[in-house]
Amino acid sequence: MSDAALFGWSSTAEYCTYLDENDKKLGAFLSRTGAAEFQSALERSRSEASGQNPLRGMPFAVKDNIAVKGLPLSCGSKMLDTLSSPYSATAVEKLQQAGAVVVGKTNLDEFGMGSSCDNSALGTTNNPWDVARVAGGSSGGSAAVVAAGMVPFALGSDTGGSIRQPAAFCGTYGLKPSYGVVSRFGLVAYASSLETIGIISLDTQLLRIVFDTMRGQDPKDQSSRPFSPKASEKRQGEKPRIGVIADIEGLAPAMESAYRERLDLIRKKGYEIVEIELPMLEYVVPAYYTIASAEASANLARYAGIRYGHRTDWADEHGELTEKSRDEGFGDEVKLRILLGTYVLRSGFKDQYYLRAQKIRTLLRNEILSAFQKVDQILSPVFPTTAFPHGDAGLDQFQQKLADKFTATANLAAIPALAFPAGQSEGLPFGLQLLGPEFSEHKLIDTASAFTELWEPKTAPGFREWR
Ligand code: GLN
């Protein structure tokens, strides 16, 4: 097969130049596979992967907290900015075996902590719809490259919304699978009980293929589980019953009216919409930040300036070496969360914070599971606003955290969630989210595909179609 088979590009060199040129305005890639390296990976894929495999020769991008052998694994942090990964994540390996080819690593909020990519220590990422605005976070680089048409799909990670929120800001689909269904081996840990690797794409068929390729129990990840969906009680083509939160609060006014308009359209199409009560939703943000910070403080303790990562130039003794290395290597938001995490785990405080948050997590999960006795899927907004501007004109760190309410719910409950494009509000894309019971990923994709047909899908300026 000649180079021309690369989705209409006359050569890999031409494609790589296009990526580099386009990325000048987006700043979405932290590193790129060189043209020669990309070409040989492509040739390997063509000789090794089956001609039947739809992913054969397909380029994709990977968030820079997911390992790809031989490429950087910076996590958007000065702590790891000289690291080259000696191995690949299981999810990446599976995609490569199916013939997909990595084109580069994308920007993120440092270690996945944030909702804008502005917490990255290594660069700023802009939204392809309006470069004065953030692409979202923490998988903002992955959402931006998909929305700009630079790759047909990209991998991200989602601990509290980091795939779905940037997907909503950039007008793409973003799938956070059920906990444990995709191996976390090779994902740099932030909050291990909450996070999953997932997918950003503009094509629901491709989303399904990539998900089915990546998933599976992995001996290298003890928390991974087999994908075991229940046989559907619904007949083929039967519409799912959709739950919506009765008193939805905290949406920006334009978002609230856009959301209500979409609900009307869905109702008019004959879907049964049932109002549900989720009183525990109010406690999602404090519970999420308590648990996520506690886990982060334990996971990030490995960056001590000793085995790998940044090491300070000079220290007189061991304690000082670790202290200075961490002080220089970590950004403010990461330091804040480590401090918060150690605080909530301190003896004497643990019952009051960490254990209480775990109880809230159980109650929330029970509440959601009982909602799934009444409805098949739950529909909600992804985020209370559209993409906000960079800097002081945007949302501050505290407002960003409060806005994680809708997304972090799925991580606490370990259930799958899918953000899908819902058109535009005031000229910017916005997303809606479907939550489903464990292992309902395929059904969520089916419903979201049907919903997006109800409104005009529009792509970002400069978008290049992948077929
Ligand atoms: N905004 C959330 C946070 O900062 C989401 C992070 C994520 O999913 N990685 O923790």
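A compact table of results
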read-out: Matching residues in the stretch 290-313 - criterion: being among the hydroxyl-bearing types (Ser, Thr, Tyr), within 16 Å of the ligand (Cβ to nearest atom) and crowded, with 20+ Cβ neighbours inside 10 Å; value: Thr290, Ser293
read-out: Residue within the stretch 216-235 that is within 16 Å of the ligand (Cβ to nearest atom) and touching a residue at least 40 places away in the same chain (Cβ under 8 Å) present; value: no
read-out: Any chance Leu194 is crowded, with 23+ Cβ neighbours inside 10 Å and either under 14 Å from the mean Cα position of the chain (by Cα) or not aliphatic (A, V, I, L, M) (or both); value: no
read-out: Conditions (1) at pLDDT 95 or above; (2) more than 24 Å from Pro72 (Cα to Cα); (3) out of contact with any strand residue (DSSP E or B) (no Cβ under 9 Å at 6 or more places or on another chain); (4) within 16 Å of the ligand (Cβ to nearest atom): number failed by Cys170; value: (3)
read-out: Ala287 among the aliphatic types (A, V, I, L, M) and touching a residue at least 24 places away in the same chain (Cβ under 8 Å); value: yes
read-out: Failed condition for Ala460, given (1) away from the ligand (no atom under 16 Å from the Cβ); (2) assigned to a helix (DSSP H, G or I); value: (2)
read-out: Options Val131, Val102: the member that is surrounded by 24 or more Cβ atoms within 10 Å (Cβ to Cβ) and in a strand (DSSP E or B); value: Val102
read-out: Failed criterion for Phe111 (all others in (1) modelled with pLDDT of 95 or more; (2) aromatic (Phe, Trp, Tyr); (3) more than 16 Å from the ligand (Cβ to nearest atom) hold); value: (3)
read-out: Yes/no for Ser50 being polar (S, T, N, Q) and crowded, with 24+ Cβ neighbours inside 10 Å; value: no
read-out: Residue check for Ala419: part of a strand (DSSP E or B) and buried (at least 24 other Cβ atoms within 10 Å of the Cβ); value: yes
read-out: Residue within the stretch 199-209 that is more than 13 Å from the ligand (Cβ to nearest atom), under 17 Å from Leu444 (Cβ atoms) and without any contact (Cβ under 8 Å) to a residue 40 or more places away in the chain present; value: yes
read-out: Tally, over the stretch 394-420, of residues that are under 21 Å from Ala254 (Cβ atoms) and either touching a strand residue (DSSP E or B) at 6+ places or on another chain (Cβ under 6 Å) or modelled with pLDDT under 95 (or both); value: 3
read-out: Residue pairs meeting the criteria (Cβ under 6 Å; at least 6 apart or on separate chains; first within 20 Å of Phe60 (Cβ to Cβ) and assigned to a strand (DSSP E or B), in the stretch 106-124; second more than 8 Å from the ligand (Cβ to nearest atom) and among the small types (Gly, Ala, Ser)); value: Thr106/Ala28; Thr106/Ala61; Thr106/Gly141; Thr106/Ser142
read-out: Neighbours by Cβ (under 8 Å, 6+ apart or cross-chain): first from the stretch 372-397, outside any loop (DSSP other than H, G, I, E, B); second hydroxyl-bearing (Ser, Thr, Tyr); value: Gln377/Ser440; Gln377/Thr447; Pro381/Tyr259
read-out: Considering residues of the stretch 335-355 that are basic (Lys, Arg) and not in a loop (DSSP other than H, G, I, E, B) only, the residue surrounded by the fewest Cβ atoms within 10 Å (Cβ to Cβ); value: Lys335
read-out: Lone qualifier among Pro177, Pro152 - being away from the ligand (no atom under 16 Å from the Cβ), more than 21 Å from Arg133 (Cα to Cα), at pLDDT 95 or above and of a type outside the set (A, V, I, L, M, F, W, C); value: Pro152
read-out: Subset of the stretch 266-278 [within 16 Å of Pro240 (Cβ to Cβ) and hydrophobic (A, V, I, L, M, F, W, C)]; value: Ile266, Ile273, Val274, Ile276
read-out: Residues being in contact with a Gly (Cβ under 6 Å, 6 or more places away or on another chain) and within 16 Å of the ligand (Cβ to nearest atom) - total across the stretch 121-142; value: 6
read-out: Near pairs, Cβ below 8 angstrom, 6+ apart or cross-chain, from the stretch 445-459 (farther than 19 Å from Pro416 by Cα) to any residue that is surrounded by 16 or more Cβ atoms within 10 Å (Cβ to Cβ) and among the β-branched types (Val, Ile, Thr); value: Leu454/Ile266
read-out: Residue match in the stretch 94-104 (condition: away from the ligand (no atom under 16 Å from the Cβ), at pLDDT 95 or above and within 16 Å of Tyr308 (Cβ to Cβ)); value: no
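The values are calculated or read from the model by the stated rules, or taken from the named source; none is laboratory data. Just so it is clear, the structure is predicted and the values come from calculations on it, not from any experiment. Quick reminder, even Gly has a Cβ in these numbers, built from the backbone with ideal geometry, and neighbours come from all protein chains shown.
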